[in-house]
Every structure is written in structure tokens, then in C-alpha cells.
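Asker: This structure is in C-alpha cells; I'll ask about it shortly.
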Amino acid sequence: MKSVYIIFGICLVAVILLLTKFLRQHSTVHGVKISVEETTATFKMHVRYNKNQTAIVENYIDSCFRPQTIFGGQHSIDKDIVTADSARFHINASAGYFSLAAARNNNSAAALENLVNICMKMKTVIKPE
């Protein structure tokens, strides 16, 4: 009889975990979560924000790298970018999510500083609700 309760408890925990994961992926985020990771080898920034601000983020990123277009009307991208000033980085983005990663050895100090400034300004572009 105890084994039935144990199996039921395990199943209940599994269902709760799956439901939590599903709701996190399919609900709007009402706050802004920004994480920055800087090491001697890389600079990384991950941002989660409300999906209704996706157009604002895309327009901001595209305006920072003109004449090159990063998003070009696409809401979901996963690509490597090389800009006119030879900055090299990777962007992974979708509605409500933005991630940028740049290797320090692939970028000049000026190009890397520009990327860091663009990312840090994103904090003022995205409005928490």
C-alpha cells in the first residue's frame, strides 16, 4: 500500500514540474530579467522581457547596427554577425528573449566596448511592467 502512495507522489511532483515549465514558456513575463556574464574569454548578455516589447527591442538592435539589418522583420533569429567595424558576435533571439555572446579574442577593445554599451543601454529601452 505504501508503494502506491510513493508512486502517486512521484507522479504528482512530475506533473507539477512539467506544468511549471509549460507555464514559464507560454506566459508573458511581467518583469525584465537581465543577466550579464563577463569572463576573460567572453561577454554574454541574456534578457527576458515581456513579449509585447519585442518590436521595441528589435528596432533598437537594428538601429544600433545600421546600415546592417539584424532582425529584418524576423522575430526569431539565431545567427553570427560581423558588423562594419569588424565586431563579431552571436545573437539568439525570439519574442521575449534576447541573447548576445561575443568572444574577446575575435573583437577589438573598441568593438567590444561598443557591444557592451549597446547591451547596457537595452536596460533603458525595455520597460518593466
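The values are calculated or read from the model by the stated rules, or taken from the named source; none is laboratory data. These numbers were taken from a predicted model, which means no experiment stands behind them. Ideal geometry is used to build each Cβ from the backbone, glycine not excepted, and the neighbour counts take in all protein chains shown.
Asker: When you check residue 98 against the structure, is it of a type in the set (Phe, Trp, Tyr), in a strand (DSSP E or B) and surrounded by 12 or more Cβ atoms within 10 Å (Cβ to Cβ), yes or no?
Answerer: yes
Asker: Restricting to segment 38-53, name every residue that is basic (Lys, Arg) and either within 11 Å of residue 95 (Cα to Cα) or exposed (fewer than 14 other Cβ atoms within 10 Å of the Cβ) (or both).
Answerer: Within segment 38-53, 48, 51 meet the criteria.
Asker: Same structure, new question: If you go through segment 30-56, how many residues are at pLDDT below 90, of a type in the set (Val, Ile, Thr) and assigned to a strand (DSSP E or B)?
Answerer: 2
Asker: Further, regarding this structure: Do you know which residues across segment 54-76 are touching a Phe, Trp or Tyr at 6+ places or on another chain (Cβ under 8 Å) and either touching a residue at least 40 places away in the same chain (Cβ under 8 Å) or surrounded by fewer than 18 Cβ atoms within 10 Å (Cβ to Cβ) (or both)?
Answerer: 57, 61, 62
Asker: What's the number of the condition residue 108 fails, among (1) within 18 Å of the chain's Cα centre (by Cα); (2) loosely packed, with under 14 Cβ neighbours inside 10 Å?
Answerer: Condition (1) is where residue 108 drops out.
Asker: Among the numbered criteria (1) outside any loop (DSSP other than H, G, I, E, B); (2) modelled with pLDDT of 80 or more, which single criterion is violated by residue 74?
Answerer: The single condition residue 74 does not satisfy is (1).
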